[in-house]
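Q: Structure in C-alpha cells, see below.
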Amino acid sequence: MSTTPDRTAEVAAAAAGHLESWLEHQRRRLRVPGVQAAVRVGGELVLDTALGAADLDSGAPLTPGHLFRIASHSKTFTATAVLQLVEAGRMRLDDPIGQWVPALEGSALAAVTVRELLGHQGGVVRDGRDNDHWQLGRPFPDADLLLRIAVEEGAVFGRNEHFKYSNIGYSLLGSAIEAVTGTSYAEHVQRAVIDPLGLADTGPEWDPARAGEHATGHTGLLDGEDSRLTIPAVDTRAMAAATGFWSTARDLTAFGAALTTGDTRLLREDTKRLMRRPESEIRAHGAPPRHYGLGLDLRTVGERRLVGHSGGFPGHITRTWIDPEAQVVVTVLTNAVDGPADVLARGLFGLLDLALAAPAGEPQPPAAELDRYTGRFVNLWGATDVALLGGRLVLLHPSAPEPAEEHLELTVEGPDTLRQEAVAGFGAAGETVEYTWAEDGTAAAVRLGGISAWPAEVFRAQRAAQVRAGHAGGAGR
C-alpha cells in the first residue's frame, strides 16, 4: 500500500471516531472489563482511548493514564538493551551466556549464545517444572531460584534444534545485562531505553509507589460464567527481563515508533533490520509458519510486514504491532486473562487499511455531507455500521473480528438513498440502503437491502414488543 506517514496520519485521525466505536462494540460484545488502545503514525498520536472499567469491583472507569502489566513486551525492551550493548562493543551476539552468568559454567546452558536466547533458539525450559507463580501459587523466582532452574532443568532441546519460547532464557539475559553494566537490570533499562524516549508511564518492574495507577487484572469467563474476580498485582523479581514491565498504550506506541525505519534514537538502522529479520520459523501440526526475530514477533498481514510483541500476565492480555516502513504502531491493552488484545489490534490495522484504500473513481461529496448517513443500525440479526472511512461511505459488520474483510462500498443515489456496490456475495450487494429521517435530521431508521434497522437505543426499546407481535401473528395462523 503506497502512502506517506503524513497521509496515513491524516486518514487515521479522521477515522479515529469509528475505530473507537468499533473497539467499544467489541469490548461490550466480548464482555471485556477494559480496553486501552493507541495508534501512532510517524510520531503523531492519532488515537488514544480507554473504554470500560479499570476495576469491576469499584466500577472505576478506565483512563488512558492507567498502567497495565505488559508481560512479554518486556522481551522487546530487553532485546533493545542487549543490542545497544552489542553496538557499543560491550557484548557480542555469539558470547556464550556462561561468560556473563558464571553460575551456569558446567551446565548444559553455559554454551548457549546471547543470540540464541534472543531468538528462543537455546532449547531452554520455558518457566521450569514448577511455575505456578504464573497463577499466583507462589512468588516469582528470585535470582537464586532462577539460576537453580537454569542449571538443573534448563536444557530441553539442543541449541538451534527448535524454536522454544523461554522466559527463563530472557531472564538470564537480564542477568547478563547486569554483569556487563555493573548495575541492576531495572536501572540500566530505565537509563538506556526508557528515559531517552521520555516514557513517563513505563517501568521495568512492579513499583508499589504507583500501585494506585494500575488497571486491575481480572480472571477469565469460564463455561458461561457471568462474573470475574480481580487479581492482585505481583512482583516478577528475577524474571523482570522476561515479563516485568508495565506501561500504557500511549507509551508503548512511542516505544514502537523508536523501532521504525528512520528513527535512530535507540538503535542503528542495521541493528533494527537484524532485530526484525526472521531468526526462527515456527511450524506446528500443519499450521502456516510463523516467525520470530530477536525480541520481536513477526507477521505478514496483507501488504504489511508487522513486528511487535504480545504479553500475557495474570489479569492482563496485551499486544503491540508495528509496521516499521509505514511508521504505524498499534497497541491494545486489556485487563482480563481472556482479553482479545491481538484480535482487536489486527482489526484496527484492517480498518485503517480500509480507510487508506479508498477507491479511485467518481469524486465523493464532501465529508460534511456524507456524515449524516453514518451510524450503527441494529435489528434482530445484529448491528451494521455505515462508516465514513477515507472520505467515502462503507458498510461494515462491527461484530466481526476483522470487519474490513467483508465491507461494501456505498454510493449516494439521492438524499435518502445509498447503493451498495455490485459484487458477488451472500448479503444484499447491489441493493439500496434507504433512510427515514427524524425531525432533528438524524437517521430514525434505515432499510438495508429490504430489512429495517434502527439506532441501537431505539431497537432495544422496541425489541420486546416486536418479538411479542411475532408470537401473536404466529398464533393467529
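The values are calculated or read from the model by the stated rules, or taken from the named source; none is laboratory data. Since we're looking at a predicted model, the values are computed, not measured. Neighbour counts run over all protein chains shown; Cβ positions are idealised from the backbone, glycine included. Surface accessibility is based on the protein's heavy atoms, side chains included, excluding ligands, DNA and RNA. Shrake-Rupley method; radii C 1.70, N 1.55, O 1.52, S 1.80 Å.
Q: With labels modelled as points extended 7 Å from the Cα through the Cβ direction, what inter-label distance (nm, one decimal) is found for residue 126 paired with residue 305?
A: 2.9
Q: For region 109-268, what relative contact order do you get, as a whole percent, if you take Cα pairs closer than 8 Å and at least 6 residues apart?
A: Working: 213 pairs, mean separation 40.4, N = 160.
That works out to 25 percent.
Q: Additional query: Roughly to the nearest percent, how much of the accessible area of region 163-283 is carbon and sulfur, given a 1.4 Å probe?
A: Details: 2340 of 4770 Å².
Roughly 49 percent of what the probe reaches on region 163-283 is carbon or sulfur.
Q: For Rg and Dmax of the Cα atoms in Å, pick the label among (i) 22.4, 77; (ii) 25.1, 86; (iii) 23.1, 85 that corresponds to the value derived from the coordinates.
A: (ii)
Q: On C-alpha positions alone, give me the angle between the axis of helix 341-356 and the longest principal axis of the chain, in degrees, nearest 10.
A: Between helix and principal axis, roughly 60 degrees.
Q: Label points 7 Å out from Cα along the Cβ direction at residue 28 and residue 380: separation in nm?
A: Placing both labels 7 Å along Cα→Cβ, they lie 2.2 nm apart.
Q: Counting alpha carbon pairs within less than 8 Å and at least 6 residues apart, what relative contact order, in whole percent, applies to region 306-387? Mind dumping the intermediate values first?
A: Details: 99 pairs, mean separation 14.5, N = 82.
Computed value for region 306-387: 18 percent relative contact order.
Q: Test of understanding: what is the full-extension gain from residue 273 to residue 436, defined as 0.36 nm times their sequence separation minus their Cα-Cα distance? All intermediate terms of the calculation are to be shown ahead of the outcome.
A: Numbers: separation 163, 0.36 × 163 = 58.68 nm, distance 5.45 nm.
So the extension gain works out to 53.2 nm.
Q: Using the alpha-carbon atoms, what tilt in degrees (0 to 90, nearest 10) does helix 143-153 show relative to the longest principal axis of the chain?
A: 90
Q: Cut-off 12 Å, label point 7 angstrom out along Cα-to-Cβ of residue 338: give me the residues of region 214-253 whose amide nitrogen falls inside.
A: Taking a point 7 Å out along Cα→Cβ of residue 338, the residues of region 214-253 whose backbone N falls under 12 Å are 219-229.
Q: Okay, moving on. With θ set to phi - 60°, apply the Karplus curve 6.51 cos²θ - 1.76 cosθ + 1.60 along region 89-97 and write out the HN-Hα couplings as whole Hz, x wherever there is a Gly or Pro.
A: x, 8, 8, 10, 5, 8, 5, x, 4
Q: Could you grab the relative contact order for the chain? Cα pairs under 8 Å, six or more apart, rounded to a whole percent. Walk me through the numbers on the way to the answer.
A: Values: 999 pairs, mean separation 77.2, N = 477.
Relative contact order, the chain: 16 percent.
Q: To the nearest 0.05, what FRET efficiency results for residue 421 and residue 281 with a Förster distance of 45 Å applied to their C-beta separation?
A: On the way: r = 39 Å, r/R0 = 0.87.
Given R0 = 45 Å and the Cβ-Cβ separation, E is 0.70.
Q: If you stretched the chain out fully between residue 230 and residue 452, how much longer would it get, using 0.36 nm times the residue separation minus the C-alpha to C-alpha distance?
A: Details: separation 222, 0.36 × 222 = 79.92 nm, distance 4.12 nm.
Between residue 230 and residue 452, full extension yields 75.8 nm more.
Q: At R0 = 45 Å, how high is the FRET efficiency between residue 13 and residue 142 if r is their beta carbon distance? Nearest 0.05 is fine. Show your work: numbers first, answer last.
A: Numbers: r = 47 Å, r/R0 = 1.04.
With a Förster radius of 45 Å, E is 0.45.
Q: Still on this model: Report the gain in length on full extension from residue 93 to residue 63: 0.36 nm times residue separation, minus Cα-Cα distance, nm rounded to one decimal. Please list the in-between numbers first.
A: Details: separation 30, 0.36 × 30 = 10.80 nm, distance 4.04 nm.
Difference between extended and current length: 6.8 nm.
Q: Turning to a different aspect of this structure: Hey, can you rank 408-420, 346-358 by average C-beta count inside 10 Å, highest first?
A: 346-358, 408-420
Q: To test your reading of the geometry: what angle, between 0 and 90 degrees and rounded to tens, separates the Cα axis of helix 167-181 from the longest principal axis of the chain?
A: 60
Q: Enter the accessible area per residue of the chain (Å², integer; probe 1.4 Å; all protein chains in place).
A: On the way: 20840 Å² over 477 residues.
For the chain, the solvent-accessible area averages 44 Å² per residue.
Q: Give me the one-decimal nm value for the distance between modelled label points at residue 264 and residue 371, 7 Å along each residue's Cα-to-Cβ direction.
A: The modelled label-to-label distance comes out at 4.3 nm.
Q: Please compute the Kirkwood hydrodynamic radius over region 166-206, one decimal place, Å, based on all pairs of different Cα atoms. Spell out each step's value before the answer.
A: On the way: mean 1/r = 0.0924 Å⁻¹.
It is 10.8 Å.
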